[in-house]
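Notes follow the structure.
The values are calculated or read from the model by the stated rules, or taken from the named source; none is laboratory data. Note that the structure is predicted; figures quoted are calculated from it, not measured. Methodologically, a virtual Cβ is constructed for each residue, glycine included, from the backbone with ideal geometry; neighbour enumeration extends over all protein chains shown. Each accessible area value is taken on the protein alone, full model and side chains, heavy atoms only, with ligands, DNA and RNA left out. Shrake-Rupley method; radii C 1.70, N 1.55, O 1.52, S 1.80 Å.
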Amino acid sequence: MKLFYHLKLDAILLPVIAILICIGGWALVAGHSKITKSVDDFGDTVTKTERFGLSKNLPSPAETWIASQPYIVEPFAKRGELDQGILRFAWLSLKLVAQGYAIALLFGTPIGFFLGLSKNFTRAFDPIIQILRPVSPLAWLPLGMVLFSGLKVMDAAGRTTFGTSDAAALFTIAICAMWPTVLNTAVGVRAVPQDYLNVAKVLKLSKAKTLFKILIPSALPYMFTGFRLSLGIAWLVIVAVEMLIGKPGVGGFLWQQYNANSYAHIILSILTIGIIGYILDRFMSLIEGRFRSA
Amino acid sequence: MTTRAPVLELFKLTKSYPSAKGAAVIVKDFTLNFAAGEFITLIGHSGCGKSTVLSMVAGLTEITGGGMILAGRETNEAGPDRGVVFQSPCLLPWMTAFENVMLGVNQVYFTASKEERRELAEYYLTVVGLGGAMHKFPGDLSQGMRQRVGIARAFALQPKMLLLDEPFGMLDALTKMELQEVLLELWRRNKLTTLMVTHDVDEAIFLSDRVVMMTDGPEAEVGDILEIPFERPRHRATVLADPRYMQCHNHLLTFLNERSHIRPSRIQTTPPAGTAQRSEIDIHGISELAG
């Protein structure tokens, strides 16, 4: 037992046990196929596949693994627009998220600063923010489509490189992901200790110098908390957006495979989304921790 | 002490905050003149408004009544012509000690060359004894070392006045004594007019030319002023051995214990200074008034 803890086996073993239990539960609930072969009246062999189980259409873990293999073994393959390796899909989704997220930070951070610095600005805009904040991405997307209807950027060959649905997607990601950045930045700016502001006052630092030497460094840990939460939301929104506009990506793939009755790929997509979301969060936490300790 | 024109004149300085029950007056009609190079200490009970006075002089708290003339010019806002050392050193934790000092130096000596500014910051950091640690971050410095940076930062601005807000209040007794010497040495070299706020009676006597005792708030004002007779440069042992030391000590303690609630502006006759003795109480034991 001592050795067990000494090697930190519990940190590996316990999650593994939990994962196994979940897979076991999944296997219990999932259906399984039964293939019956019979000879019909004309003498031909007929194979009939029937599914049984608690939830008979839910693929079992083994079925999921077999169906997902081509997507996992060749993660960057491109067999068609909506038939690509899972990491290639993930990469497409991440690219879109990165763009939308960048827009969210670009707008969210200054808005947060204004909220943190001015009581009147807060009084004026807080109700609007509180009303817009809980609106679902599913509601924003149609508005984005209307807002950017008719937008078309074409390349030399006449293909649309950036159209209404792309703009609407970015709009939706940005507006949904912005709020944690806005609110946390505002909190961070309000939490700048009066002592630091006194230093600025005594030294008669200019507005710009106060911003860059005092306000931003002091609010940075809070801002990064906001950035991390915003990234989480951006990743959450991307799936919904891709499902609605049918863009190739993890979310688009998921919806298309549902429509194609390949249910195993839904589970593959969900796991991919979860794992990438987790990696993104860990990555942002690392950066956040670095700023917190500095 | 000196007959030169005062560097700082405080005339009926008043601070009040609006409140539900009319204006809450913290400090009322605080009048005091500072001769050039004079070291004045404000002493009083906690919460009496002595820090408010210093904050007004620093320009960090708005003056609601009366006025302040610094070097012949009326002032009511903060500026680098008054170097402030705060109780907590207020160093920016994302900058090294050197960068913290440079922040002010760059601001005040923007015409000097980069090299000159660097030398200035390094000089003051070395004088306060941080020659070897100037590129450390505040988080890696002890409380006392941080306060040394705070002192270096204030002096490096070469201000007209030095304002010290309980600068040694958070330090242990030994570090406190060490830093008092550092401060006195720098003060002697720069001949800066200084206002310090403290509640440590011994510190006030050892450092000051005059100790100004404040009455209890609200509506705090100057209650009594004690001239400290020791010549400079002072040595702690000599000062402590001087029989006049206990007289000063007792005078201050008597004021704080018995007379701080009496406002001289309300009564016509001021009590005779320096006569009250309280032999029944062991005064050595309560040299620092906490609380």
Residue list for the range B:97-126, restricted to those being touching a helix residue (DSSP H, G or I) at 6+ places or on another chain (Cβ under 8 Å) and part of a loop (DSSP other than H, G, I, E, B)
B:109, B:112
Given the options A:228, A:159, name the one that is away from every other protein chain (no Cβ under 14 Å) and either modelled with pLDDT under 90 or in contact with a Cys (Cβ under 7 Å, 6 or more places away or on another chain) (or both).
A:159
I need a count of the residues in the range A:247-263 that are within 30 Å of residue A:51 (Cα to Cα) and either open to solvent by 10 Å² or more (accessible area, probe 1.4 Å) or touching a Gly at 6+ places or on another chain (Cβ under 7 Å) (or both).
11
Only one of these is open to solvent by less than 20 Å² (accessible area, probe 1.4 Å) and either of a type in the set (Asp, Glu) or in a loop (DSSP other than H, G, I, E, B) (or both): B:89, B:93. Name it.
B:89
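So is residue A:139 of a type in the set (Gly, Ala, Ser), buried (at least 17 other Cβ atoms within 10 Å of the Cβ), under 26 Å from residue A:257 (Cβ atoms) and more than 14 Å from every other protein chain (Cβ to nearest Cβ) or not? Give the derivation first.
Details: of a type in the set (Gly, Ala, Ser): yes; buried (at least 17 other Cβ atoms within 10 Å of the Cβ): no; under 26 Å from residue A:257 (Cβ atoms): yes; more than 14 Å from every other protein chain (Cβ to nearest Cβ): yes.
Taking the combined requirement at face value, the residue does not satisfy it.
What tally of residues in the range B:71-96 results from selecting those that are under 15 Å from the mean Cα position of the chain (by Cα), of a type in the set (A, V, I, L, M, F, W, C) and more than 8 Å from chain A (Cβ to nearest Cβ)?
Step one: of the range B:71-96, the residues under 15 Å from the mean Cα position of the chain (by Cα) are B:82-89.
This time we only want the ones that are of a type in the set (A, V, I, L, M, F, W, C), so: B:84-86.
Still in the running and more than 8 Å from chain A (Cβ to nearest Cβ): B:85.
Adding up the residues that qualify gives 1.
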Tell me whether the range A:165-181 contains one or more residues that are within 14 Å of another protein chain (Cβ to nearest Cβ) and modelled with pLDDT of 90 or more.
no
Which one is farthest from the other protein chains (Cβ to nearest Cβ), of the residues in the range B:125-145 that are open to solvent by 70 Å² or more (accessible area, probe 1.4 Å) and not hydroxyl-bearing (Ser, Thr, Tyr)?
B:132
Conditions (1) touching a residue at least 60 places away in the same chain (Cβ under 8 Å); (2) open to solvent by less than 60 Å² (accessible area, probe 1.4 Å); (3) more than 26 Å from residue A:280 (Cβ to Cβ); number of the one not met by residue A:57:
(2)
In the set A:104, A:77, which member is in contact with a strand residue (DSSP E or B) (Cβ under 7 Å, 6 or more places away or on another chain) and hydrophobic (A, V, I, L, M, F, W, C)?
A:77
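Which members of the range B:36-52 meet the condition of being polar (S, T, N, Q) and not in a loop (DSSP other than H, G, I, E, B)?
Here is the first cut: in the range B:36-52, the residues polar (S, T, N, Q) are B:41, B:46, B:51-52.
The answer is B:41, B:51, B:52.
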Scan the range B:50-64 for residues that are away from chain A (no Cβ under 13 Å) and either at pLDDT below 85 or surrounded by fewer than 15 Cβ atoms within 10 Å (Cβ to Cβ) (or both) and report the count.
0
When the range A:185-203 is examined, which residues are found to be surrounded by 22 or more Cβ atoms within 10 Å (Cβ to Cβ) and facing chain B (nearest Cβ under 7 Å)?
A:199, A:202, A:203
Report, by residue number, each residue of the range A:78-112 that is open to solvent by less than 50 Å² (accessible area, probe 1.4 Å), within 25 Å of residue A:190 (Cβ to Cβ) and not hydrophobic (A, V, I, L, M, F, W, C).
A:101, A:108, A:109, A:112
List the helices (runs of 4 or more DSSP H) that sit entirely inside the range A:194-266 and contain at least 1 residues that are among the charged types (D, E, K, R).
A:194-202, A:216-245
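Could you check, for the range A:18-25, whether at least one of its residues is open to solvent by less than 60 Å² (accessible area, probe 1.4 Å), under 26 Å from the mean Cα position of the chain (by Cα), within 30 Å of residue A:85 (Cα to Cα) and of a type in the set (Gly, Ala, Ser)? Please lay out each step first, then the result.
As a first pass, look at the range A:18-25 and keep what is open to solvent by less than 60 Å² (accessible area, probe 1.4 Å): A:18, A:24-25.
Those left that are additionally under 26 Å from the mean Cα position of the chain (by Cα): A:18.
Filter once more, keeping what is within 30 Å of residue A:85 (Cα to Cα): A:18.
Now drop any that are not of a type in the set (Gly, Ala, Ser), which leaves A:18.
Yes, the range A:18-25 has at least one match.
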Please state which of the following conditions residue B:37 fails to meet, knowing it meets all the rest: (1) at negative phi; (2) open to solvent by 10 Å² or more (accessible area, probe 1.4 Å).
(1)
Consider residue B:22 against the criteria (1) within 13 Å of chain A (Cβ to nearest Cβ); (2) over 20 Å from residue B:167 (Cα atoms); (3) open to solvent by less than 60 Å² (accessible area, probe 1.4 Å): it satisfies all of them except one. Which criterion is unmet?
(1)
Give the range A:113-136 a look and list any residue that's of a type outside the set (A, V, I, L, M) and either farther than 29 Å from residue A:244 by Cβ or open to solvent by less than 60 Å² (accessible area, probe 1.4 Å) (or both), or say none.
A:113, A:114, A:116, A:118, A:119, A:120, A:121, A:122, A:123, A:126, A:136
Give the residues of the range B:171-203 that are among the hydroxyl-bearing types (Ser, Thr, Tyr) and either in contact with a Leu (Cβ under 7 Å, 6 or more places away or on another chain) or over 16 Å from residue B:128 (Cβ atoms) (or both), sorted by residue number.
B:193, B:194, B:198
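To keep it simple, each residue is scored yes or no on (1) open to solvent by 50 Å² or more (accessible area, probe 1.4 Å); (2) hydroxyl-bearing (Ser, Thr, Tyr); (3) within 13 Å of chain A (Cβ to nearest Cβ).
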| residue | (1), (2), (3) |
| --- | --- |
| B:105 | no, no, yes |
| B:111 | yes, yes, no |
| B:120 | no, no, no |
| B:123 | yes, yes, no |
| B:151 | no, no, no |
| B:162 | no, no, yes |
